[in-house]
1. Tell me which of these H97 doesn't satisfy, since it passes every other one: (1) open to solvent by 40 Å² or more (accessible area, probe 1.4 Å); (2) closer than 18 Å to G42 by Cβ.
2. Looking at (1) open to solvent by less than 80 Å² (accessible area, probe 1.4 Å); (2) of a type outside the set (A, V, I, L, M, F, W, C); (3) under 22 Å from L54 (Cα atoms), can you tell me which one H140 breaks?
3. Of the residues H82, H140, H97, H87, which single one is under 20 Å from L61 (Cα atoms) and not in a strand (DSSP E or B)?
4. Would you mention how many residues in the range 126-173 are within 30 Å of H17 (Cβ to Cβ) and either without any contact (Cβ under 8 Å) to a residue 12 or more places away in the chain or over 18 Å from the mean Cα position of the chain (by Cα) (or both)?
5. Only residues that are open to solvent by less than 20 Å² (accessible area, probe 1.4 Å) and in a strand (DSSP E or B): list them for the range 32-56, please.
6. State all residues of the range 102-124 that are part of a loop (DSSP other than H, G, I, E, B) and either within 29 Å of P160 (Cβ to Cβ) or modelled with pLDDT under 95 (or both); if no residue qualifies, say none.
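The values are calculated or read from the model by the stated rules, or taken from the named source; none is laboratory data. Model, not experiment: these values are computed from the prediction. Cβ placement follows ideal geometry from the backbone for every residue including glycine, while neighbour counts extend to all protein chains displayed. What goes into the accessible areas is simple: the full protein's heavy atoms, side chains included, and nothing from ligands, DNA or RNA. Shrake-Rupley method; radii C 1.70, N 1.55, O 1.52, S 1.80 Å.
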Amino acid sequence: MYGYGPASVVHVANSLHHSLQGKYFVGETDQLNPTDANRTWGALVNPLHSDVHLYLDLYVLSNLSDDKLVSQICFCSSLPSHGMQSHEIASANLALHPAPLPLGQIQFGSGLDTTALAATPVSTRVIPSYSSISSEKAGHWIIGPGKAILFTLTSAMNHPAPAVISVGWWEGRHNLY
C-alpha cells in the first residue's frame, strides 16, 4: 500500500553478541575425584576488584565414572582458601587476535567443608554414571565482584569418581544498569 516491503528482523542471542565482542569465555576444571569422604568443588569466581559482573550462560557437570554423583550448587560470598586456579579457559571467539583475557576465574579443589563458607545452596543435581548434565542460565545468574557460584561433587563410593565441571559466561561492566 505504501511501497514498503516487510520489515526484516534478526535475532542475535546474547551469547553470540558477547562472543562477537570478545567478552564470552569458556573453561573447565582439571579432573576432580570425589569420594564419599572427599567433597570436591569447582567455582566460577569474580575477583573482588574486577569491576565487571559475570553472567553465567551455561554449566556442564560431567561424570566420568560408573558411580552416580551428587552436585550441590551454591551462591557464595566466600570461597575455600585452598583452591587452585584453572588455566583451561579461553575466549569463545577464536577469530580475535590477540585473544581477550577474562577477568573471571575458574577455581577448583577438594576436601571441602561447606560449613565454613558463606554459601546459599540453590540447587541439587544427581549426575548418572558416564553422563553429563547441563543447564543454560542465559545470563540470569549474575556474579558480582567478590562473589562466586560453587558446584560441589560427592560420590557414594570410597574410590575416586572422576568428574569435570565446565562453564560458559560473559563479562560486562557492572555499572551499566
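1. H97 satisfies every listed condition except (2).
2. (1)
3. Numbers: H82 fails: under 20 Å from L61 (Cα atoms); H140 fails: not in a strand (DSSP E or B); H97 fails: under 20 Å from L61 (Cα atoms).
Criteria check complete, one pass: H87.
4. Let us first name the residues in the range 126-173 that are within 30 Å of H17 (Cβ to Cβ), namely 132-151, 164-173.
Then drop every residue that is not either without any contact (Cβ under 8 Å) to a residue 12 or more places away in the chain or over 18 Å from the mean Cα position of the chain (by Cα) (or both), which leaves 173.
Summing the residues that are within 30 Å of H17 (Cβ to Cβ) and either without any contact (Cβ under 8 Å) to a residue 12 or more places away in the chain or over 18 Å from the mean Cα position of the chain (by Cα) (or both) in the range 126-173 gives 1.
5. L32, T40, W41, G42, A43, L44, V45, V52, L54, L56 - these are the residues of the range 32-56 that are open to solvent by less than 20 Å² (accessible area, probe 1.4 Å) and in a strand (DSSP E or B).
6. First pass over the range 102-124, keeping only residues part of a loop (DSSP other than H, G, I, E, B): 102-104, 110-113, 117-118.
Result: G104, S110, G111, L112, D113, L117, A118.
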